[in-house]
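So the structure is just underneath, and the comments pick up after that.
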Amino acid sequence: MLRIYNPISRKKEEVTPGHGRTISMYACGPTVYYFAHIGNMRTYSEEDILKRVLIHNGYSVKHIMNITDVGHLVGDGNIGEDKIAMTAKKEGKDAKEIVTFYTDAFFSDLKELNILLPDKTPKATEHIKEMLTMIKNLYNKGFLYKIRTGMYFDTSKFKEYGVLTGMNFNKMNENLIAGARVKREHGIRNTTDFAVWRFLEDGNNWMVWDSEWGRGFPGWHIECSAMSMKYLGETIDIHCGGVDHIPIHHTNEIAQSEAATGKKFVTHWFHVEFLTVNGSKMSKSLGNIYTLEDIKKKGFEPVALRYFLISGHYRQKLNFTFEALESAQRTLEYIFGFVERLTSHMKFSEKSNKKFIDFATDAKSKFFKSLDDDLDMPNALSSMHLLIRDANKALDKNALSEEDIAKVLDIMLSFDEILGLGIGKKIVEEKHAPLDKEIEDLINERNALRGIKDFAGSDRIRKLLLDKYKIIVEDTSEGTKWKKAK
Ligand code: AMP
Ligand code: ZN
C-alpha cells in the first residue's frame, strides 16, 4: 500500500482510489513556448515513478497531462504577456508553429527518458468551451467580478483559500503585499485574486475567443480545473506538479474548482521539489537551464539523466552538476554490467544457495517497501545495490545455481518496472540479437572441428572470433555458448 505525504495534514497518507481500482492522476503539463528543461523533467520523471509504483501495486492509472498552449503569463501571476504570444512575436512566427514544434519536442523528451506517456494530453486551446462553462458557473455563484483587464476570482469569498500553503487568506495577502511580489492591477480587490478570463481585443485568431463578458483568452489556472474535470471528474485522486505550483497555480485551482462544484477537488497532492543549480531553482528566467539535448551533446545517455533525476527523494532538492551526472552514468553502466554478467555467467553451483536467495528475496521486499513509504527512492536503491554487491561476490565464487541466477535476474527486472532503465530491453538486445551469418558459420565450423577433435583448428577459430568480432566462445557441459566481449 502506497502512502504519500499530504501537504495539508502534513502526514503520510495511504493512496486509495475514489472509484474501483483505477487511480485518476492529473499532472500539470508544459507550457510549450520553449524546450522543457531538465528541472521540468525531474518533476515528470518523479510522477512517472509514482505512476509505476501504483501500477505495481495493482491499480490501473488514468493519467491526464495538459498542454498549456495559451494563457500562461510570464511570471505565473496576473501581470505580463502570454508566454507563447511573446515567443511568437520574438521569433516572428505564428503561435501555432511555436506550439506544434515545442509540443513535439516535449513528447520526444518523455520517450527518451522512458516516461510512460499519459493516456491523454489535452490542449488548452481545444477546451475553451469547457472553461467558459466553468467561468459562467462561478459568475452565477457570485465568485467573479469584472475589471478593465478581465474577469477575476474574488479569493476572499472562498473560505479555505490558501489551505495548501499552510497560510490563511489574510496571511497570504499580507505576505504578498509585504514582499511586493505582485503588482496590483487597478480595480483588483485582493492581492491574491486572479484572472479566469483576460480581455484582449486584437491578437491573432489562435489566441483570442469571444465570451459573453468580452473577447479574450483564459487564465492559466482555469485550464487545469476545466480539463481535469472533463477527463477525471470533479474529485481527482492525485494531482501532481512541482512545488512552485503550491502558492499560486494549485491554490487557485482548488479555489475555483471547489467554488464551482462544492466538492473536494483533490484527494492527494504530489509535489516534486526543485532541481537546483548551485542551490538556485533551475529556471528559464534565471538563465541556468539545461535541456535534454544539451545533456546528449555532452555524450550522456538520456537514461543516465533519468537515473540521476529519480535517484533523490522527490521531496528534497536535487542539485545538478555534470559530475553527479557522470557518476549516474557510471552507476548505470555498473548495473547493466551486472545484468550482463548474470545473463552470460556459465559456471553454476550444483545446488541452490538458499541463504543467498533468502537475502535476495528480502532485498526485493525492502525495495518495494521503501517505495511504498512516500517513494523513498534512496532507500530502495540502496537495497538494490546491496543485492548487486553480494550477488557479484557469489558469482565470483561460482556459488549460485542456474535457477538462483534466474531468480536474481527476475528481481532486477522487477526493480526495473519502477526504475525504467530498460534492463529487459538490453537483455533482449544482447541475448537475442541475431548473429551475423558469418559468425554463426564460424561457430558451427568450430563445433565441427571439436567434433573430430581438431582442437588446434577450433582454437584458431575461437581466436578469430575474439579478435575480429569480439565474441567470446566458451564450451560448457551444456554445449558451446557465446557472448559479446566488453
Ligand atoms: P512549466 O512548464 O513552467 O509549467 O513547468 C512544468 C513542470 O515542471 C511544473 O510541474 C513545474 O512545477 C515543474 N518545474 C519547473 N521548474 C522546476 C525545477 N527546477 N525542478 C523541478 N520541477 C520544476
Ligand atoms: Zn496545472
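Please determine, by comparing only the residues of region 89-111 that are touching an Asp or Glu at 6+ places or on another chain (Cβ under 9 Å) and within 23 Å of VAL61 (Cβ to Cβ), which one is surrounded by the fewest Cβ atoms within 10 Å (Cβ to Cβ).
Within region 89-111, the match that is surrounded by the fewest Cβ atoms within 10 Å (Cβ to Cβ) is THR103.
Suppose we filter region 62-88 for residues that are buried (at least 21 other Cβ atoms within 10 Å of the Cβ), over 16 Å from THR103 (Cβ atoms) and at pLDDT 85 or above; how many remain?
1
So if I check each of GLU112, GLU47, GLU91, GLU97, which one is within 11 Å of the chain's Cα centre (by Cα) and among the charged types (D, E, K, R)? So that I can check it myself, show each step before the final result.
Numbers: GLU112 fails: within 11 Å of the chain's Cα centre (by Cα); GLU91 fails: within 11 Å of the chain's Cα centre (by Cα); GLU97 fails: within 11 Å of the chain's Cα centre (by Cα).
None of the other options fit; the residue is GLU47.
Hey, does region 367-379 have a residue that's surrounded by fewer than 13 Cβ atoms within 10 Å (Cβ to Cβ) and over 21 Å from the mean Cα position of the chain (by Cα)?
Residues of region 367-379 surrounded by fewer than 13 Cβ atoms within 10 Å (Cβ to Cβ): 378.
Cutting the leftovers down to over 21 Å from the mean Cα position of the chain (by Cα) gives us none.
Looking through region 367-379, none of the residues is surrounded by fewer than 13 Cβ atoms within 10 Å (Cβ to Cβ) and over 21 Å from the mean Cα position of the chain (by Cα).
Among the residues of region 33-62, how many are under 22 Å from MET229 (Cα atoms) and either in contact with a helix residue (DSSP H, G or I) (Cβ under 6 Å, 6 or more places away or on another chain) or of a type in the set (Gly, Ala, Ser) (or both)?
Of the residues in region 33-62, 2 are under 22 Å from MET229 (Cα atoms) and either in contact with a helix residue (DSSP H, G or I) (Cβ under 6 Å, 6 or more places away or on another chain) or of a type in the set (Gly, Ala, Ser) (or both).
Please name all residue pairs, on different chains or six or more residues apart, with Cβ atoms under 7 Å, provided the first residue is in region 247-258 and is without any contact (Cβ under 8 Å) to a residue 40 or more places away in the chain and the second residue is within 13 Å of ligand 1 (Cβ to nearest atom) and assigned to a helix (DSSP H, G or I).
Qualifying pairs under 7 Å: GLU253/HIS221; GLU253/CYS224.
Could you list, in sequence order, the residues of region 233-253 that are buried (at least 23 other Cβ atoms within 10 Å of the Cβ) and either among the aliphatic types (A, V, I, L, M) or more than 13 Å from ligand 2 (Cβ to nearest atom) (or both)?
Across region 233-253, the qualifying residues are ILE236, ASP237, ILE238.
Name every residue in region 51-77 that is within 16 Å of ligand 2 (Cβ to nearest atom) and in contact with a strand residue (DSSP E or B) (Cβ under 8 Å, 6 or more places away or on another chain), in order of residue number.
Of everything in region 51-77, those that are within 16 Å of ligand 2 (Cβ to nearest atom) and in contact with a strand residue (DSSP E or B) (Cβ under 8 Å, 6 or more places away or on another chain) turn out to be HIS63, ILE64, MET65, ASN66, ILE67, THR68, ASP69, VAL70, GLY71, HIS72, LEU73, GLY77.
Can you find, within region 16-49, the residue that is surrounded by the most Cβ atoms within 10 Å (Cβ to Cβ) among those that are more than 16 Å from ligand 2 (Cβ to nearest atom) and in a strand (DSSP E or B)?
Residue satisfying both the conditions and the ranking: ILE23.
Would you pick out the residues in region 336-350 that are over 17 Å from LEU113 (Cα atoms) and either in a helix (DSSP H, G or I) or of a type in the set (A, V, I, L, M) (or both)? It would help to see each step written out before you state the result.
First, pick out the residues of region 336-350 that are over 17 Å from LEU113 (Cα atoms): 337-350.
Answer for region 336-350, where residues must be over 17 Å from LEU113 (Cα atoms) and either in a helix (DSSP H, G or I) or of a type in the set (A, V, I, L, M) (or both): GLY337, PHE338, VAL339, GLU340, ARG341, LEU342, THR343, SER344, MET346.
Inside region 21-50, can you point out the residues that are small (Gly, Ala, Ser) and out of contact with any strand residue (DSSP E or B) (no Cβ under 9 Å at 6 or more places or on another chain)?
Within region 21-50, the subset small (Gly, Ala, Ser) is 24, 27, 29, 36, 39, 45.
Matches in region 21-50: none.
Checking the conditions here, which among ASP467, ASP441, ASP436 is free of Cβ contacts under 8 Å to residues at least 40 places away in the same chain, surrounded by fewer than 19 Cβ atoms within 10 Å (Cβ to Cβ) and touching a helix residue (DSSP H, G or I) at 6+ places or on another chain (Cβ under 8 Å)? First the steps, then the outcome.
Values: ASP467 fails: touching a helix residue (DSSP H, G or I) at 6+ places or on another chain (Cβ under 8 Å); ASP441 fails: touching a helix residue (DSSP H, G or I) at 6+ places or on another chain (Cβ under 8 Å).
Within the list ASP467, ASP441, ASP436, the selection yields ASP436.
Run down GLY219, GLY214 and say which single residue is touching a residue at least 12 places away in the same chain (Cβ under 8 Å), more than 18 Å from HIS127 (Cβ to Cβ) and small (Gly, Ala, Ser). Don't jump to the end; show me each part of the working.
Details: GLY219 fails: more than 18 Å from HIS127 (Cβ to Cβ).
Sole residue among the options that is touching a residue at least 12 places away in the same chain (Cβ under 8 Å), more than 18 Å from HIS127 (Cβ to Cβ) and small (Gly, Ala, Ser): GLY214.
Considering only residues of region 209-227 that are within 16 Å of ligand 1 (Cβ to nearest atom) and not in a helix (DSSP H, G or I), which is surrounded by the most Cβ atoms within 10 Å (Cβ to Cβ)? Break it down into steps so the answer makes sense when it comes.
So the first thing to find is which residues in region 209-227 are within 16 Å of ligand 1 (Cβ to nearest atom), and the list is 218-225, 227.
Next, from what is left, pick out any that are not in a helix (DSSP H, G or I): 218-219.
Values: PRO218: 27, GLY219: 25.
Restricting to residues being within 16 Å of ligand 1 (Cβ to nearest atom) and not in a helix (DSSP H, G or I), the top hit is PRO218.
Check every one of the helices (runs of 4 or more DSSP H) wholly within region 228-316 and list those with 2 or more residues that are farther than 30 Å from GLY142 by Cβ. Walk me through how you get there before you give the answer.
Working: elements: 251-261, 292-297, 302-310.
In region 228-316, the matching helices (runs of 4 or more DSSP H) lie at 292-297, 302-310.
Please specify each residue of region 391-431 satisfying the condition of being within 25 Å of the chain's Cα centre (by Cα) and small (Gly, Ala, Ser).
SER414, GLY420, GLY422, GLY424, listed by residue number.
LYS431 fails exactly one of the following numbered conditions: (1) modelled with pLDDT under 90; (2) surrounded by 14 or more Cβ atoms within 10 Å (Cβ to Cβ); (3) of a type in the set (Lys, Arg). What is the number of that condition?
Among (1) modelled with pLDDT under 90; (2) surrounded by 14 or more Cβ atoms within 10 Å (Cβ to Cβ); (3) of a type in the set (Lys, Arg), LYS431 violates only (2).
The values are calculated or read from the model by the stated rules, or taken from the named source; none is laboratory data. Only a predicted model underlies this, so the values are computations on that prediction, with no experimental measurement involved. We place every Cβ from the backbone using ideal geometry, glycine too, and count neighbours over all the protein chains shown.
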